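The values are calculated or read from the model by the stated rules, or taken from the named source; none is laboratory data. Being a predicted model, the structure only gives us computed values, none of them experimental. Glycine also receives a Cβ, built like all others from the backbone with ideal geometry; neighbour counts cover every protein chain displayed.
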Amino acid sequence: MIPLQTLEAAITCNTCAAKCCRLEVMLITDTGVPARFIETDDWGSETMARADDGWCAALDRSTMGCSIYQNRPLICREFEMGGPDCVEERLA
């Protein structure tokens, strides 16, 4: 098992497997997410659309980067690279 401190030091978005892009992302503020990436869940809340395999529909598969980075949802903006949530997802 990789020591947590070593893992935290090695995390960069450039070397990421984009695990956070498999999480459900609710749209709680208007950041300009294009309509083609928005879905409405069973309870009427807006969420980021997902591809059939569970990945965020806005994920550019060739770069594993966000194709709408400047207009990404608030939750994505607050998901800190190497932060506790990021590390937890990488260890899952």
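Does residue 47 qualify as being among the hydroxyl-bearing types (Ser, Thr, Tyr) and not in a strand (DSSP E or B)?
Values: among the hydroxyl-bearing types (Ser, Thr, Tyr): yes; not in a strand (DSSP E or B): no.
Against the criterion (among the hydroxyl-bearing types (Ser, Thr, Tyr) and not in a strand (DSSP E or B)), residue 47 does not qualify.
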Legend entry - Residue list for the range 78-92, restricted to those being assigned to a helix (DSSP H, G or I), surrounded by fewer than 16 Cβ atoms within 10 Å (Cβ to Cβ) and among the acidic types (Asp, Glu): 78, 85, 88
Legend entry - Given (1) loosely packed, with under 14 Cβ neighbours inside 10 Å; (2) touching a strand residue (DSSP E or B) at 6+ places or on another chain (Cβ under 8 Å), number of the condition residue 66 does not satisfy: (1)
Inset, instruction - Show the residue pairs that are 6+ apart or on different chains and have beta-carbon atoms under 7 Å apart, the first residue being within the range 48-72 and within 12 Å of residue 21 (Cα to Cα), the second being among the basic types (Lys, Arg). - result: 54/22; 55/22; 56/50; 57/50; 66/72
Inset, instruction - State whether the residues of the range 52-68 include one that is part of a helix (DSSP H, G or I) and under 10 Å from the mean Cα position of the chain (by Cα). - result: no
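Okay, residues lined up against (1) in contact with a helix residue (DSSP H, G or I) (Cβ under 6 Å, 6 or more places away or on another chain); (2) at pLDDT 90 or above:
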{"position": "33", "(1), (2)": "yes, yes"}
{"position": "52", "(1), (2)": "no, yes"}
{"position": "58", "(1), (2)": "yes, yes"}
{"position": "65", "(1), (2)": "no, no"}
{"position": "81", "(1), (2)": "yes, no"}
